[in-house]
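Below you'll find the structure, written out as structure tokens, and then a few comments.
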Amino acid sequence: MENDKKILFSGIQPSGYLTIGNYLGALKNFVTLQNDYDCYYCVVDLHSITIDQVPAVLRQNTYNLIALYLACGLDYKQNTLFIQSQVPAHCELTWVLSCNTMFGEARRMTQFKEKSAKHPDNINVGLFSYPVLMAADILLYQADLVPVGNDQKQHLELARDLAIRFNNKFSPTLTVPEPYIASKQGGARIMDLADPTKKMSKSDNGGAVLMLDTPEDIMRKFKRAVTDSDTQIKYHASKPGISNLLTIYSAFSSKTISESEKDFEDVGYGDFKIRVAESVIEGLRPIQNEYSRIIKDKAFLEQVIDEGRQKATQKAFKTIRKIYKKVGFI
Ligand code: TYM
């Protein structure tokens, strides 16, 4: 029996260890929203090969990410946790959407420009069509809501445009998805601790705090965090380092920014950074404990992956059948 909950889709690339940016911008919201929606949480391994990956490492990262989803409390029975490459319809829909995406439209994507600049020796066609695959992920499940960090906003707009275009060209078929993006102060864009003008990212580890870092590493990274020459612990555009630390603290301690500012009224930067680190260590501890238990249970992980594959395939097949019919395939 189909339930009448609205549908939610989101995905994370298994391209390295997740950062607290991934957690606050995406994963934490996955957990919050999971009871109110019929959720599809995907490990987007097809996306990750747009950058070179070592096959054995990719395989391990994929298991790690499923284990991390579970460790954060995502319920695999109630929702669907699955691996993108195990559901062929993602690639099938990508082709149909590609033929309805304009070259100029794809060329405008800022992430493509950034990644091309970062990997000038590997500007492959997959990197270019990455947002079309992402649109296929979302539209295949007829998702109403897509929780993502701020950096994915432009890709989501493309997914909406492609859904609308398809519906107008053929007939209403695809749900037009809404983004779910936290506010900036709520963690939509966590910045690098070593360079708070740059987004924290799994691919450059300098100022990135990883979800599975040891408490000692977390403390060390926060102690080194870049601040400014002022002494005030206030959220302000002119203070990117301090604002970022306040955002992280308030997200991990479930306080507002102004409550957090009050906590540190007469505190120096050194002590402030230690308190932020402690809030992160405490917040991650239960997840890390669960993770180390789950990652050892390969049979359980295989079972979760298999159940997810079956549920996702069933749903995706329905959409792709409709789409193929509309475009005129026999
Ligand atoms: P990925 O794997 O780069 O990141 C996963 C999620 O984490 C968010 N995020 C951040 N949020 C706040 N601060 C940061 N510093 C930060 N860094 C990353 C991302 O916005 C994302 O929500 N293209 C996507 C994966 C994807 C997807 C999809 C997402 C593929 N198909 C369909 C939603 C729906 C990506 O590269 O995420």
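The values are calculated or read from the model by the stated rules, or taken from the named source; none is laboratory data. It should be emphasised that the depicted structure is a prediction, and the values quoted were computed from it without experimental measurement. Note that each Cβ is placed from the backbone with ideal geometry, even for glycine, and that neighbours are counted across all protein chains shown. The protein model used for the area step is the full one, side chains on, heavy atoms only, and it has no ligands, DNA or RNA in it. Shrake-Rupley method; radii C 1.70, N 1.55, O 1.52, S 1.80 Å.
Structure notes:
- The number of residues in segment 169-206 that are touching a strand residue (DSSP E or B) at 6+ places or on another chain (Cβ under 8 Å), in contact (Cβ under 8 Å) with a residue 12 or more places away in the chain and farther than 30 Å from ALA143 by Cα comes to 2.
For every residue, the table says whether it meets (1) open to solvent by 50 Å² or more (accessible area, probe 1.4 Å); (2) of a type in the set (Phe, Trp, Tyr); (3) assigned to a helix (DSSP H, G or I).
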| position | (1), (2), (3) |
| --- | --- |
| HIS236 | yes, no, no |
| LEU246 | no, no, yes |
| TYR249 | no, yes, yes |
| LYS255 | yes, no, no |
| ASP266 | yes, no, no |
| ASP271 | yes, no, yes |
| LYS318 | yes, no, yes |
| LYS326 | yes, no, yes |
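- In segment 122-147, the residues that are farther than 18 Å from LYS322 by Cα and either touching a Pro at 6+ places or on another chain (Cβ under 6 Å) or small (Gly, Ala, Ser) (or both): GLY126, SER129, VAL146
- The set of residues in segment 28-49 being more than 7 Å from the ligand (Cβ to nearest atom) and open to solvent by less than 10 Å² (accessible area, probe 1.4 Å) consists of PHE30, CYS39, TYR41, VAL43, SER48.
Let's see how each residue does on (1) out of contact with any helix residue (DSSP H, G or I) (no Cβ under 6 Å at 6 or more places or on another chain); (2) outside the structural domain of LEU24 (by TED's automatic domain parsing); (3) open to solvent by less than 20 Å² (accessible area, probe 1.4 Å); (4) within 13 Å of the ligand (Cβ to nearest atom):
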position	(1), (2), (3), (4)
GLY126	yes, no, no, yes
VAL132	no, no, yes, yes
ILE138	no, no, yes, yes
GLY149	no, no, yes, yes
HIS155	no, no, yes, yes
ARG165	yes, no, no, no
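- Residues that are within 23 Å of the chain's Cα centre (by Cα) and open to solvent by 10 Å² or more (accessible area, probe 1.4 Å), drawn from segment 306-316: ASP306, GLU307, ARG309, GLN310, LYS311, THR313, LYS315
- Meets criteria (more than 30 Å from LYS118 (Cβ to Cβ), among the aromatic types (Phe, Trp, Tyr) and either without any contact (Cβ under 8 Å) to a residue 12 or more places away in the chain or surrounded by fewer than 23 Cβ atoms within 10 Å (Cβ to Cβ) (or both)) for TYR63: no
Residue-wise test of (1) more than 20 Å from THR80 (Cβ to Cβ); (2) outside the structural domain of LEU81 (by TED's automatic domain parsing); (3) among the β-branched types (Val, Ile, Thr).
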| position | (1), (2), (3) |
| --- | --- |
| ARG275 | yes, yes, no |
| GLY283 | yes, yes, no |
| ILE287 | yes, yes, yes |
| VAL304 | no, no, yes |
| PHE317 | no, no, no |
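- Sole exception among (1) within 22 Å of SER201 (Cα to Cα); (2) more than 16 Å from the ligand (Cβ to nearest atom) for LEU65, by number: (2)
- Inspection of segment 4-14 identifies at least one residue that is at pLDDT below 95, more than 9 Å from the ligand (Cβ to nearest atom) and surrounded by fewer than 22 Cβ atoms within 10 Å (Cβ to Cβ).
- Residue match in segment 202-211 (condition: away from the ligand (no atom under 11 Å from the Cβ), open to solvent by 50 Å² or more (accessible area, probe 1.4 Å), closer than 19 Å to GLU278 by Cβ and hydrophobic (A, V, I, L, M, F, W, C)): no
- Here ALA143 fulfils each of the conditions (1) under 18 Å from the mean Cα position of the chain (by Cα); (2) surrounded by fewer than 21 Cβ atoms within 10 Å (Cβ to Cβ) apart from (2).
- Residue match in segment 175-195 (condition: touching a Lys or Arg at 6+ places or on another chain (Cβ under 8 Å), within 15 Å of the ligand (Cβ to nearest atom), open to solvent by 70 Å² or more (accessible area, probe 1.4 Å) and assigned to a loop (DSSP other than H, G, I, E, B)): yes
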